[in-house]
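A quick write-up on the structure given underneath.
The values are calculated or read from the model by the stated rules, or taken from the named source; none is laboratory data. This is a predicted model, so every value here is computed, not measured. Glycine gets a Cβ as well: all are built from the backbone with ideal geometry, and neighbour counts include every protein chain shown. These accessible areas exclude ligands, DNA and RNA; they are computed on the full protein's heavy atoms, side chains included. Shrake-Rupley method; radii C 1.70, N 1.55, O 1.52, S 1.80 Å.
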Amino acid sequence: MIAIIGGGPAGIALATALDRLGLNYELFEARELGATWRAAPPDLRVLSPWWTNVLSFGDVLRGNPFRKPHAGEYLDHLLRIAKRLRGTIHENNEVLGIEEDGNGNWNVRTAHGISPGYSSVAMATGYFFSPSWPSPPLIEDGSVRILHASEISDYAQLEQLRSGDRPVVVVGRRVTAGQLMLELHDRGIPCALSLRSPIEFRRHGFIASIRETVYFFWEELQARLRPGIKRPSYPVMDGGRNRGLVESGKVEVWPTLKRIENGEIVLDDGRRAHAAAVIMATGYRALLDLLPRPVTRDGFDVPLNSRFEVQSLPGVYLLGFDNLYDHRSRYLRGIRFDAARLAKVLAARRTPAD
């Protein structure tokens, strides 16, 4: 029997692939299936075209294959696939840890008790519920509200941060920071960006959209010609309106925040300013706290692994993390391929109980 921990795109994709191979599994999800996408603002857009992200190729032509779907639409896609799963699904059953049983198998310790005897455990826990905060931590006295972007499940929540002409300070320079900047500006809420390094903008306009469309076809071809290619792959901030707001000065760019005291933000250059709130758009870290002991990590902050298996934990596999197989592995467009690859690995080590 195989245990899948996580009921987001990676867990659902792996369960689907195991169904195709006739392997038995149990899937554990701390919340509801698709929790990552339930928690995202429904009008958030996926960064790549529909055709690159669908987990069922039969859905490729469900609408314009080149559109970038909203989070709500992608959630519907996930849940349609989840309804077809044949394994045992445990929703609202948080996994607290995994433990070796001394016989070469694994026990899964959950909020409802211990589930024993799994030949393999697939960690599909992802990143979204493990926000990354600045390091070293910001020195602050609680006089200005600080929240992480992951706490915003609906952009309407931004209205709660409005405080006259005081800006909401967004810390970050990538996609999430850009999306928050636009949403704040469109609501008439003053905004400033706090950056450690200059912003890099994506190209914008008709020619850029054609180039982007071609890129995803080229990326797919490159993945076939050069399998396993790994490289940093964090998307940069959208151009267009974002770039215009920054370059026109409508959104100020501030240096790093040094500390917060008495309702004021103290910047790295010594300046002081009042702010309505601070939103940390500082990304996420791999959610791997369930592992039974510390493991050595690679340059992408992922446990050292071979063919998805954690090298120091035989029988524990990873899915949906950065550069597991190639540079697409943490993204939707890579997860669907990696799930099929991992399913074949698990099939090859099948035990009679599977």
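The requirement of being farther than 30 Å from F216 by Cα and open to solvent by less than 50 Å² (accessible area, probe 1.4 Å) is not satisfied by T36. Scanning segment 196-211 for residues that are modelled with pLDDT of 80 or more and of a type in the set (V, I, T) returns I199, I210.
When each of L318, L332 is tested for being surrounded by 19 or more Cβ atoms within 10 Å (Cβ to Cβ), under 14 Å from A122 (Cβ atoms) and touching a helix residue (DSSP H, G or I) at 6+ places or on another chain (Cβ under 9 Å), the lone residue that passes is L318.
Each row is one residue, and each column tells you yes or no for (1) more than 28 Å from Y234 (Cβ to Cβ); (2) open to solvent by 30 Å² or more (accessible area, probe 1.4 Å); (3) without any contact (Cβ under 8 Å) to a residue 60 or more places away in the chain.
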{"position": "P49", "(1), (2), (3)": "no, no, no"}
{"position": "H77", "(1), (2), (3)": "no, no, yes"}
{"position": "A82", "(1), (2), (3)": "yes, no, no"}
{"position": "T88", "(1), (2), (3)": "yes, yes, no"}
{"position": "N93", "(1), (2), (3)": "yes, no, no"}
{"position": "E99", "(1), (2), (3)": "yes, yes, no"}
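If L193 passes every condition in (1) at pLDDT 85 or above; (2) surrounded by fewer than 19 Cβ atoms within 10 Å (Cβ to Cβ); (3) out of contact with any Leu (no Cβ under 7 Å at 6 or more places or on another chain) but one, which one does it miss? It is condition (2) that L193 fails. So in segment 212-267, with the set limited to residues that are within 17 Å of R173 (Cα to Cα), over 22 Å from the mean Cα position of the chain (by Cα) and in a loop (DSSP other than H, G, I, E, B), which one is modelled with the lowest pLDDT? Only one residue fits best here, namely G240. Scanning segment 9-37 for residues that are under 17 Å from the mean Cα position of the chain (by Cα) and farther than 20 Å from H112 by Cβ gives P9, A10, I12, A13, L14, G34, T36, W37.
Taking segment 81-104 as the range and being part of a loop (DSSP other than H, G, I, E, B) and either in contact with a Ser or Thr (Cβ under 6 Å, 6 or more places away or on another chain) or closer than 29 Å to I152 by Cβ (or both) as the test, the residues that pass are K83, E91, N92, N93, E94.
Looking at segment 117-157, which of its residues are small (G, A, S), outside any loop (DSSP other than H, G, I, E, B) and in contact (Cβ under 8 Å) with a residue 60 or more places away in the chain? G117, S120, A122, A149, S150, listed by residue number. Please find, among K258, K230, the residue that is open to solvent by 80 Å² or more (accessible area, probe 1.4 Å), on the phi < 0 side of the Ramachandran plot, in contact with a Ser or Thr (Cβ under 9 Å, 6 or more places away or on another chain) and not hydrophobic (A, V, I, L, M, F, W, C). K230 is the lone residue from the list that is open to solvent by 80 Å² or more (accessible area, probe 1.4 Å), on the phi < 0 side of the Ramachandran plot, in contact with a Ser or Thr (Cβ under 9 Å, 6 or more places away or on another chain) and not hydrophobic (A, V, I, L, M, F, W, C).
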